[in-house]
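A short worksheet on the structure shown next.
The values are calculated or read from the model by the stated rules, or taken from the named source; none is laboratory data. Computed from a predicted structure; not experimentally measured. Cβ: placed from backbone, ideal geometry, glycine included. Neighbour counts: every protein chain shown.
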Amino acid sequence: MKPAKIYDVRRGNPDYHNLLSPDKTFIFWNETELSDTAPGEIAFFVNREEKEALFTIATAVTCTAVRNKLTMLKEFDYDDGTYAGTEGDEFRQYVVKQIVNIPKGWKWQKPLRQVAVASLWSEEGDNANRLERVSDLQQLFTDGPAWEALEGYNMHVETINMPVNQTNIHMKLITPAKRKEGLKQPQNRTTGKASAIAFEHPYRKLLMALRTKPFVLLGGNSGTGKSWTARKLAYMTCSDPALRTGDSPGNFEMISVRPNWHEPDDLLGYAVTHRGILRYHCTKLLCFMIKAWKYPEVPFILCLDEMNLAQPEHYFSDFLSVLETARVHDGRTIYDPFLNADEVTRYSHGDPTFWQQLGLLENNDLRQQFLEKGISMPVNLFVIGTVNMNEITRTISTRVLDRAMVIEVKMKPLQEKLIGETEQWEYPPTYEIAAWLMAPPLDRFIAYQNHPDIGMRISRHLEKLYIILEDTKFALSDRVLHQTLVYCFLHCEQKKADLPVDWIYAFLDEVIAMKILVRITGDNDTCRLLLDRLLPEMAYFPASRQKVLRMQSVLENVGYTSYW
């Protein structure tokens, strides 16, 4: 076993930020503090103040620092950046292989006390303390390359002798690695090129939209493959073997919307009291959300098929409201509950079948969580709604469009259908997309600070559109700016060499259609002047320009136009 170390980043240590690269792909550290480290060896950086832990591999790259007389920091330049430490002359680079968020309530079983460094393995190591720290780290790194490495250190214990019947038996003490229950684990995130979605990926636009907002509408004519796409995505992200059973992924649920749906109860359930007996009717959606809570590291794909057969702002109103309560706490997105704690307590006490309907008879942890906090939307639930744009369906209101990312699905050319291969409904060999979808939410403010030039270019183009739309019924809200920034900055995870030259305009083109043009509908009085003013601003965005030209043509011919 190679030596491996833990570095406990103590409260307020400025070196962590000054030595970590902006994209968090590597970190430098003082050779004096992490002494005798050789290339290829492992180092874990645990920063409880920032609620972040890194799994890194030491490289052969070292840099010599010089004291800055103004800041008094030891500074050095590397790869067009300047890095600094409070002390030290030589700094070694460590490549970040995995990042996790530290959940609330986590702490060291065996604190590192005065020194910040501890060994996970050395020939003279203290195995009692070492194994406790390995266990602590396995509560943070629950899968991926870090888990595999920790499992090896957990199993490897020094040889011991035991006297049995006056004979010394030479054996090894083995402690199998176990995952501890109780703490809600955030999904691990693997850094580097493997974690990014390639520009050419056939589902890139949908995946980026789902990371931006976990509610996406797929719109178009009937038969274009909208629900097919949602099911395909579930196959691609069904990362837990326990869910890969039968002829459909266990992380997928399709619910067909009925024309007579008018209330949120049609989706989320309702209580009925008959002759003094309370019964709660649990719906497929509610049960599917509970199932998602049982597998917090697997993306769950809910497909609401033909959403506009009924009026979404009526039956889907509670869901739309809950979506807007999203906020980040301890590195994870949380939402207000659909059923609050008092309601869960009342229904579970009044209806003896309540927990059974939800499949929670043997899950005390989730029952207790729901009794204390209510039943809320799990962070791993992604909703894909399909909408057919024909004469028998309803239009989608602005309230719904504002809260969704909208993607137009077009019919494939007939020739492509005829020569294409038969679709294979199989699970992939790896699940990088699942890990990417479950990565911590992108902080648009930090992303803006890391890429101010990109942020400014995006803002300048959006500001022009805001001005054109501000005095119309299609005026834009702040959420459009926020979602546009997130959608575009997500693509910054990729290397620029893997993106088209005009990638900023390409992604702005996509999001302008998703969030702005899709809202425009009306007659000559409403849309003619607006479209005329928008057209010159579409010069850099060819797809959006074509859409505006088509909308103008339809308006000219029939006196009414829309995105579809």
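Of all residues in the stretch 273-313, those satisfying the criterion of being among the small types (Gly, Ala, Ser) and more than 26 Å from Gly144 (Cα to Cα) are Gly276, Ala310. With respect to Ala439, determine if the residue is of a type outside the set (S, T, N, Q), crowded, with 19+ Cβ neighbours inside 10 Å and not in a helix (DSSP H, G or I). It is true that Ala439 is of a type outside the set (S, T, N, Q), crowded, with 19+ Cβ neighbours inside 10 Å and not in a helix (DSSP H, G or I). Somewhere in the stretch 321-343, is a residue part of a helix (DSSP H, G or I), in contact with an Asp or Glu (Cβ under 7 Å, 6 or more places away or on another chain) and closer than 21 Å to Pro214 by Cβ? Yes. Among the residues that make up the stretch 15-25, is at least one of them among the small types (Gly, Ala, Ser), in a strand (DSSP E or B) and either assigned by TED's automatic domain parsing to the domain that holds Phe489 or at pLDDT 90 or above (or both)? Checked against the condition, which is being among the small types (Gly, Ala, Ser), in a strand (DSSP E or B) and either assigned by TED's automatic domain parsing to the domain that holds Phe489 or at pLDDT 90 or above (or both), the stretch 15-25 yields no hits at all.
Under the condition of being in contact with an Asp or Glu (Cβ under 9 Å, 6 or more places away or on another chain) and either without any contact (Cβ under 8 Å) to a residue 60 or more places away in the chain or among the aliphatic types (A, V, I, L, M) (or both), which residue from the stretch 74-86 is farthest from Trp29 (Cα to Cα)? Among those that are in contact with an Asp or Glu (Cβ under 9 Å, 6 or more places away or on another chain) and either without any contact (Cβ under 8 Å) to a residue 60 or more places away in the chain or among the aliphatic types (A, V, I, L, M) (or both), it is Thr82. Checked against (1) more than 17 Å from His281 (Cα to Cα); (2) acidic (Asp, Glu); (3) surrounded by 14 or more Cβ atoms within 10 Å (Cβ to Cβ), Glu362 meets all criteria but (3). The residues listed here are Thr191, Thr224, Thr212, Thr229; of these, the one that is under 30 Å from Val96 (Cβ atoms), buried (at least 16 other Cβ atoms within 10 Å of the Cβ) and at pLDDT 80 or above is Thr212.
Regarding the stretch 463-477, can at least one residue be identified that is within 27 Å of His201 (Cα to Cα) and either free of Cβ contacts under 8 Å to residues at least 12 places away in the same chain or out of contact with any Gly (no Cβ under 7 Å at 6 or more places or on another chain) (or both)? No: zero hits.
Checking each residue in the stretch 462-511 for being more than 18 Å from Arg211 (Cβ to Cβ) and in contact with a Ser or Thr (Cβ under 9 Å, 6 or more places away or on another chain) picks out Leu462, Thr472, Lys473, Phe474, Asp509.
Looking only at the stretch 457-473, which residues are in a helix (DSSP H, G or I) and either touching a Pro at 6+ places or on another chain (Cβ under 8 Å) or not polar (S, T, N, Q) (or both)?
Arg457, Ile458, Arg460, His461, Leu462, Glu463, Lys464, Leu465, Tyr466, Ile467, Ile468, Leu469
Selection within the stretch 246-305: residues that are under 30 Å from Phe141 (Cα atoms) and β-branched (Val, Ile, Thr). The member of this set that is nearest to the chain's Cα centre (by Cα) is Val298. Inside the stretch 232-249, residues that are modelled with pLDDT of 90 or more, surrounded by fewer than 18 Cβ atoms within 10 Å (Cβ to Cβ) and assigned to a loop (DSSP other than H, G, I, E, B) make up a count of 2.
In the stretch 8-42, the residue that is surrounded by the fewest Cβ atoms within 10 Å (Cβ to Cβ) out of those that are in contact with a helix residue (DSSP H, G or I) (Cβ under 9 Å, 6 or more places away or on another chain) and under 22 Å from Phe489 (Cβ atoms) is Pro22. Residues in the stretch 255-306 that are among the aromatic types (Phe, Trp, Tyr) and either free of Cβ contacts under 8 Å to residues at least 12 places away in the same chain or in contact with a Ser or Thr (Cβ under 7 Å, 6 or more places away or on another chain) (or both): Tyr270 alone.
Taking the options Gly331, Gly350, Gly276, name whichever one is small (Gly, Ala, Ser), surrounded by fewer than 14 Cβ atoms within 10 Å (Cβ to Cβ) and modelled with pLDDT under 95.
Gly276
Run Ile396 past the list (1) farther than 24 Å from Thr484 by Cα; (2) surrounded by 17 or more Cβ atoms within 10 Å (Cβ to Cβ); (3) more than 25 Å from the chain's Cα centre (by Cα) and report the number of the one that doesn't hold. Every listed condition holds for Ile396 apart from (1). Looking only at residues in the stretch 87-107 that are part of a loop (DSSP other than H, G, I, E, B), out of contact with any Pro (no Cβ under 7 Å at 6 or more places or on another chain) and in contact (Cβ under 8 Å) with a residue 60 or more places away in the chain, which one is surrounded by the most Cβ atoms within 10 Å (Cβ to Cβ)? Selected residue: Ile102. Applying a threshold of 7 Å to beta carbon distances and a minimum spacing of six or more residues, or different chains, the list of pairs starting in the stretch 509-537 at a residue that is assigned by TED's automatic domain parsing to the domain that holds Leu485 and in contact (Cβ under 8 Å) with a residue 60 or more places away in the chain and ending at one that is crowded, with 18+ Cβ neighbours inside 10 Å and of a type in the set (Lys, Arg) reads Glu510/Lys205; Ala513/Lys547.
Scanning the stretch 54-63 for residues that are touching a Pro at 6+ places or on another chain (Cβ under 6 Å) and exposed (fewer than 12 other Cβ atoms within 10 Å of the Cβ) turns up at least one hit.
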